Structure formats: C-alpha cells, structure tokens
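Presented below is the structure to which this report refers.
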Amino acid sequence: MTDNFKLAPSILSADFSDLQSALQICDKGGAHWIHVDVMDNQFVPNLTIGPPVVKSLRKKTQKFMDVHMMVIDPETLVEPFARAGADNITFHVEAVEDPINIIDLIRSCGCKVGVSIKPNTPLSEILPILDKVDIVLVMSVEPGFGGQGYLPESNERISLIKSFLIENCLDRVLIEVDGGVKLHNAKSVLNAGADVLVAGSEVFKSNNPVQTIEDFYKLSNL
C-alpha cells in the first residue's frame, strides 16, 4: 500500500454557498489537494463549475488545485483554467482525437497533466501516453454524478496500470482514483496501487468532515 498517499476532497459535494468553509475543512483535516470536477452537461449529464470558481478558490488556498475536466472540446478550457490557478488539469481520453496535442497544450500553460479514463474504456487507450503525463485518473464510477457506489472491478484496472508504470520505469506517474471512494473501501484501493484518492460525499456529507479526512490518513498506518 502507498504509505504517503494524498487525499483530494471533491468540492462537488461541498456546500456551494460556502466554499470557503470547505477549504477550511480541508486545511484543518490536512488534505493535500482540492479536487474540482468540471462538467459541461454534454460529455457527462451534469453541469458544474468553470474557471471563475477556480479563480476564487485560488485566492483562498495554497493547496494543490486538481481540475478534472469532464467536457467535450477540453482544449478550449485549458488556458482559462490555467490562468485561474489550476495546478493540474486532467482531460478525458474519450473526449479528444489527439491526446498529444492537449498534453502539450496543458504543459505549455505551466500545469501538470492528467489523463482520465472511464470504467468501460479499454486501458489500451491510455497506456501508450502515460510516459507523457503526470497523473492517470481512474474513474471508478461512470462520471457525471457524485455519491455513486465504487465499481469493484476498478481495483484490477488500478493494479494493471500500476504494473505497467513499474515495468516501464514510470513510477513518477501518480494513479488517482475518483468515484465511490469511502473509508470502508479506501484501503483496498490503496493496496491496488492508488496514490491519490478523491473523496466527495464521504467527506463533505459526513457529520464531522475534518475527522473524516483525518481518518482517511490513518488508513496508511493500519
């Protein structure tokens, strides 16, 4: 299991009328990253937030801002999110015809590069480009809505990606997992090879979000 994994609470599950409190929760709990789910109601059936919100968040936190774009034509949003303060920008391999072009674009904007893959997309779609990215985001639910249950077959996909990275001397590439991650299954996800866990409803819908974040980090000691 990864000893020094990172937790990335997803503000999609936070109270949108008080996102500053969500950032304070992440600070108090010790979360490393802030995860921002960007949906356009076209690539996925939901509509969330854009660059102006990221710009506002950036003014209130120095934490690593992890922007996950679930959108068509992601190339059009790279520069706006980079200017808004994103540290990492992740695109979906299913949303582009030429992933190398958007990888180069994100890199040219000074951001780290992530590529994401849906549960039913073959891993062969991303393996050839993993040497060019910093993060591979494994969707463990069908993207579009928070609060879904974790797909158990995701652990095998994570393990296969981990083996590929090790075999190809790409240990620097982080495996991020997003969707249905809870305290009760997080350890198995970490054991499969995850480096970053995205948690939304488990954190922000809990009775004590700060304690929940702390409880996630205690898992590495179990």
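For this structure, a couple of remarks:
- The range 6-221: antiparallel DSSP beta bridges as a percent of all, rounded to 5: 5
- Electrostatic dipole magnitude of the chain [Cβ: Lys, Arg +1; Asp, Glu -1; Cα centre; debye, to 20]: 740
- Two-site label geometry, residue 170 and residue 15: point separation in nm, points 7 Å out along Cα→Cβ: 4.2
- Cleavage-rule hits, trypsin sites (Lys or Arg not before Pro), the range 147-198, DSSP coil, Cβ neighbours within 10 Å at most 14: 172
- For the range 6-54, the list of chymotrypsin sites (Phe, Trp or Tyr not before Pro) that fall in a loop by DSSP and count at most 12 other C-beta atoms within 10 angstrom reads 16.
- Dipole of the range 120-203 computed with +1 at Lys/Arg Cβ and -1 at Asp/Glu Cβ about the Cα centre; of 168, 149, 183, farthest Cα towards the positive end is 183.
- Most mobile of 127, 183, 197 in a GNM of the chain (Cα contacts under 10 Å): 127
- With the helix formula -39500 (n - 2.57) applied to DSSP H stretches of n ≥ 4, the chain reaches a computed 222 nm mean residue ellipticity of -10000 deg cm²/dmol.
- Loop-resident sites, the range 24-132, for GluC sites (Glu not before Pro), counting at most 13 other Cβ within 10 Å (DSSP): 97
Only the coordinates and a few stated rules stand behind these numbers; no lab work does. Predicted model only: the values in this text are computed from it and were never measured. Positions of Cβ are backbone-derived with ideal geometry, glycine not excepted, and every protein chain shown enters the neighbour counts.
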